[in-house]
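To keep things clear, I will list the structure first and then write my remarks on it.
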Amino acid sequence: MRVTVRRRFFVPQFDGLNAVMEGEAAHHLGRVLRAQEGQLYELSDGEKVWLARIEKAGRDRVEFALLEEVPAHKPALHVTLLLAIVKFDAFEWAIEKATELGVNAIVPLAATRSEKGLLAAAEKRAERWRKILLEASQQSRRVNVPALETAAKPEQAFAAHANGIRLILSEQATAPSLRVALAGKPAAAAVMAIGPEGGWTDAEFASAKTVGFAEASLGRLILRTETAVIASLAAVNYALGTD
């Protein structure tokens, strides 16, 4: 039996058994995908997912009728990624893949060794980053879109996250492996801090350890930041996830 996998989109809210999509998303659906009345899609408001039929498709507005609720899978593990700002092509690739791997929140970090020009331009990129998270969430059929928090200094971000397993990736030879750091430590929440290509400073390591972060290593090979994001999140999902 063939199972039909329909495309999923996000809407701000459900209104009874109706939903409306407007703006850029509606333009994409109506003009690029050439949506027509009667076509079926899945819609999510961030909490629930419904099978929906297009009732009216315009240039910048698409109206839906909700037909039936679709089982919505929400992973029990809540993962926060504290990610140092690196070159934007690498950073954007990393947050896209982090979204596909189920991360719940992303905090861009203005690390000491992040390039100053990138930090100055980061605020202007936030809207683009949210669009990347939205599109990756739709592609991977998530129920919700990860939260993109305001860029922060590492010490501020470390102190703001006090729950669950908290790990800071390290290139230090003495750091325990990520496998050891995760072994036998079930948790409902995890925070993963990944630094810039130049690495963390001693002061950043100290501030993380002061508030309960533990060092963890991905091995002797030196990975690019975006590679470390995928490797570490996949390991966290495997070790702590229940599905």
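The values are calculated or read from the model by the stated rules, or taken from the named source; none is laboratory data. Predicted model only: the values in this text are computed from it and were never measured. Every residue, glycine among them, receives a Cβ derived from its backbone with ideal geometry; neighbour counts consider all protein chains shown.
If only residues of the stretch 101-126 that are farther than 19 Å from Gln156 by Cβ and over 20 Å from the mean Cα position of the chain (by Cα) are counted, the one that is surrounded by the most Cβ atoms within 10 Å (Cβ to Cβ) is Glu115. Checked against the criterion of being of a type in the set (Gly, Ala, Ser) and under 24 Å from the mean Cα position of the chain (by Cα), the candidates Ala52, Ala65, Ala57, Ala76 yield just one match: Ala76. Could you list, in sequence order, the residues of the stretch 183-199 that are touching a strand residue (DSSP E or B) at 6+ places or on another chain (Cβ under 7 Å) and either among the hydrophobic types (A, V, I, L, M, F, W, C) or outside the structural domain of Leu82 (by TED's automatic domain parsing) (or both)? Within the stretch 183-199, Ala187, Ala188, Ala189, Ala190, Val191, Met192, Ala193, Ile194 qualify. Within the stretch 81-98, the set of residues being out of contact with any strand residue (DSSP E or B) (no Cβ under 9 Å at 6 or more places or on another chain) and in contact (Cβ under 8 Å) with a residue 12 or more places away in the chain comprises Val86, Lys87, Phe88, Ala90, Glu92, Trp93, Glu96, Lys97. Touching a Ser or Thr at 6+ places or on another chain (Cβ under 9 Å) and either among the aromatic types (Phe, Trp, Tyr) or in a strand (DSSP E or B) (or both), is that true of Phe91? Spelling it out, Phe91 is indeed touching a Ser or Thr at 6+ places or on another chain (Cβ under 9 Å) and either among the aromatic types (Phe, Trp, Tyr) or in a strand (DSSP E or B) (or both).
Condition check for Thr174 on (1) free of Cβ contacts under 8 Å to residues at least 60 places away in the same chain; (2) of a type in the set (Ser, Thr, Tyr); (3) under 30 Å from Leu40 (Cβ atoms): one failure, at (3). Examine the stretch 103-111 for a residue that is part of a loop (DSSP other than H, G, I, E, B), more than 30 Å from Arg7 (Cβ to Cβ) and not assigned by TED's automatic domain parsing to the domain that holds Ser44, and state whether such a residue exists. Yes, the stretch 103-111 contains at least one residue that is part of a loop (DSSP other than H, G, I, E, B), more than 30 Å from Arg7 (Cβ to Cβ) and not assigned by TED's automatic domain parsing to the domain that holds Ser44. For first residues located in the stretch 120-149 and in the same structural domain as Asp45 (by TED's automatic domain parsing), partners that are in a loop (DSSP other than H, G, I, E, B) and lie 6+ apart or on another chain with Cβ distances below 8 Å do not occur.
I'd like the full set of residues that are exposed (fewer than 14 other Cβ atoms within 10 Å of the Cβ) and among the hydrophobic types (A, V, I, L, M, F, W, C), limited to the stretch 212-230. Selection gives Leu221, Ile222.
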